[in-house]
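This report refers to the structure that appears directly beneath it.
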Amino acid sequence: MNSSEILVDRSGPVGLITLNRPEDMNTFTHMFAQQLSSALIDFDEDDEIRVVIIKAEGKNFSAGISLDSFKDKDHREYREFLRMMDLHNHTIAKMKKPVIGAVKGYAIANGAGLAFACDLVIASEDSKFGTTAINVGLICLGPAVPLNKIVGRRKTLEMVLTGDMMTAEEALALGLVNRVVPNDELDNAAMELALKLAKKSPVAMAVGKQGIYALQDLPYHQGADLMTEYFANLCSTEDAEEGVAAFLEKRKPNWKMK
């Protein structure tokens, strides 16, 4: 896969995915989207990988779907094509492992959607976000899915219908990114966060991620009951017992991933 539009590498327990169409601002093609989701799934199934980082080659994270793709398709072909463009929305949400987006430059249209779909985002000071498809007669409905979960309907409508850009600091204020760092510190900051997460119980993180995603779609009391069930399931695992024992014995835990 390393000779293609998506590069994969690893650094200890961290899986690295690099968007590799810098000459085209890392725009999405069918192959690009397919390889991105395949790389994510491969890392999720790799027991040696605890956390995944998505970063980008070149100056920009991603400028969305290649506009050359919007021609010579009927309705059925567009539906299948767009399902592939939005596949990362499903893939990342279903993964057991946390996915960190390391965003620089432009993250617009489907590129913004990819950033919003990541579990956590570290953004460089020069990064800019926008659901800009409306400006070329299209509309960012795929990116609206994770966006709406983060900022709600009113702000999502404003962003999707105006196509306005926002700075990294504005995105931080809205909760679209977790941290903004100087441009030259982006990779180190993303790796620092990834290694911090990699020390945690992988079983607990998987249960926590699954629970929090499920919580978004449930009424308050139903959500509270489901989280009790998830927590009870976790408490009966070997990793939960090991974590508590290690804390009480003042030693580092030895995660068994069970």
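The values are calculated or read from the model by the stated rules, or taken from the named source; none is laboratory data. As the structure is a computational prediction, the values presented were derived from the model and not from experiment. In this analysis, Cβ positions are derived from the backbone assuming ideal geometry, glycine residues included, and neighbour counts consider all displayed protein chains.
Within region 58-77, can one find any residue that is in contact with a helix residue (DSSP H, G or I) (Cβ under 6 Å, 6 or more places away or on another chain), closer than 22 Å to residue 10 by Cα and free of Cβ contacts under 8 Å to residues at least 60 places away in the same chain? I'd like the intermediate steps shown before the answer.
Within region 58-77, the subset in contact with a helix residue (DSSP H, G or I) (Cβ under 6 Å, 6 or more places away or on another chain) is 58, 61-65.
Restricting the remaining residues to those that are closer than 22 Å to residue 10 by Cα gives 58, 61-62.
Now restrict to residues that are free of Cβ contacts under 8 Å to residues at least 60 places away in the same chain: 58, 62.
Checked against the condition, which is being in contact with a helix residue (DSSP H, G or I) (Cβ under 6 Å, 6 or more places away or on another chain), closer than 22 Å to residue 10 by Cα and free of Cβ contacts under 8 Å to residues at least 60 places away in the same chain, region 58-77 yields at least one hit.
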Open item on the list: Tell me the residue from 155, 149 that is more than 19 Å from residue 67 (Cβ to Cβ) and either at pLDDT below 95 or of a type in the set (S, T, N, Q) (or both), please.
Closed with: 149
Task: Single match in 111, 142 (criterion: in a helix (DSSP H, G or I) and within 13 Å of the chain's Cα centre (by Cα)) - done: 111
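Could you go through region 58-67 and let me know if any residue there is in a helix (DSSP H, G or I) and aromatic (Phe, Trp, Tyr).
Here is the first cut: in region 58-67, the residues in a helix (DSSP H, G or I) are 67.
Then drop every residue that is not aromatic (Phe, Trp, Tyr), which leaves none.
No.
This table checks each residue for (1) polar (S, T, N, Q); (2) over 22 Å from residue 192 (Cβ atoms); (3) outside the structural domain of residue 183 (by TED's automatic domain parsing); (4) surrounded by fewer than 17 Cβ atoms within 10 Å (Cβ to Cβ).
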position	(1), (2), (3), (4)
14	no, no, no, no
19	no, no, no, no
22	no, yes, no, yes
27	yes, yes, no, no
30	no, yes, no, yes
64	no, yes, no, no
84	no, yes, no, no
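For (1) surrounded by 15 or more Cβ atoms within 10 Å (Cβ to Cβ); (2) not aliphatic (A, V, I, L, M), each residue gets a yes or a no:
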position: 134; (1), (2): yes, no
position: 138; (1), (2): yes, no
position: 148; (1), (2): yes, yes
position: 188; (1), (2): no, yes
Task: Pair list, Cβ < 6 Å and 6+ apart or interchain, from region 214-236 residues that are under 20 Å from residue 95 (Cα atoms) to residues that are modelled with pLDDT under 80 - done: 215/223
Open item on the list: I'd like the full set of residues that are out of contact with any Phe, Trp or Tyr (no Cβ under 7 Å at 6 or more places or on another chain), more than 26 Å from residue 80 (Cβ to Cβ) and either of a type in the set (Val, Ile, Thr) or not in a loop (DSSP other than H, G, I, E, B) (or both), limited to region 16-55.
Closed with: 16, 18, 22, 23, 51, 53, 55
TODO: Could you check, for region 2-12, whether at least one of its residues is farther than 28 Å from residue 133 by Cα and at pLDDT below 95?
DONE: yes
